[in-house]
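Notes follow once the structure below has been shown.
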Amino acid sequence: IVARANSMELGSIDGYWAGKAIEYARDWTFIKDLGAITPANYDVPVPREVAVAGVYRMSRQFLQNKDTSITELNIPDYYLIDEFYRNDILFAYQSGLSHGSDSKGTFNPKSTLTRAELCQLLYNANFVK
């Protein structure tokens, strides 16, 4: 999604259909480097922390209204977030990109994003194509 949103060339690498998109997302640190670009390494469900951080990194220059009163204390499961993504998740909360999955602001970093949550995330990022 982030490769397509940035109008990057898509296509396969070594026969893996998502190769170029993964290479782009990995090279620009939208996602962590999980090794060789193969289905075994990358064709897996996307955890919330990866999706939200990736969309935040892609759209951060367009997001405004940072609410710096929101800290890691407002995210009950903040320390369950992979350290690679923590700052991005905090900034996603501060910019209004993400609000958590319940009234307490719980993030659930290891759960997968639903289609509806992804739509809301892209809407919050003002992604329109």
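The values are calculated or read from the model by the stated rules, or taken from the named source; none is laboratory data. Nothing here was measured: the structure is a model prediction, and the numbers come from that model. FYI the Cβ positions are ideal-geometry reconstructions off the backbone, even for glycines, and counts take in every protein chain you see. Note: accessible area is taken over every heavy atom of the protein model, side chains too, but ligands, DNA and RNA are not part of it. Shrake-Rupley method; radii C 1.70, N 1.55, O 1.52, S 1.80 Å.
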Some residue of the stretch 47-64 being over 23 Å from residue 123 (Cα atoms) and not charged (D, E, K, R): no
Filter result for residue 83 (assigned to a helix (DSSP H, G or I) and of a type in the set (D, E, K, R)): no
Members of the stretch 113-129 found to be touching a residue at least 40 places away in the same chain (Cβ under 8 Å), open to solvent by 50 Å² or more (accessible area, probe 1.4 Å) and not in a helix (DSSP H, G or I), listed by number: 126, 127, 129
Filter result for residue 110 (of a type in the set (Lys, Arg), open to solvent by 50 Å² or more (accessible area, probe 1.4 Å) and touching a strand residue (DSSP E or B) at 6+ places or on another chain (Cβ under 9 Å)): yes
Condition check for residue 37: out of contact with any Gly (no Cβ under 8 Å at 6 or more places or on another chain) and β-branched (Val, Ile, Thr): no
Filter result for residue 73 (open to solvent by 30 Å² or more (accessible area, probe 1.4 Å), part of a helix (DSSP H, G or I) and farther than 18 Å from residue 127 by Cα): yes
Any pair with Cβ under 9 angstrom, 6 or more apart, that starts in the stretch 68-85 at a residue that is hydroxyl-bearing (Ser, Thr, Tyr) and ends at one that is surrounded by fewer than 16 Cβ atoms within 10 Å (Cβ to Cβ): 78/71; 78/72; 79/72; 85/32
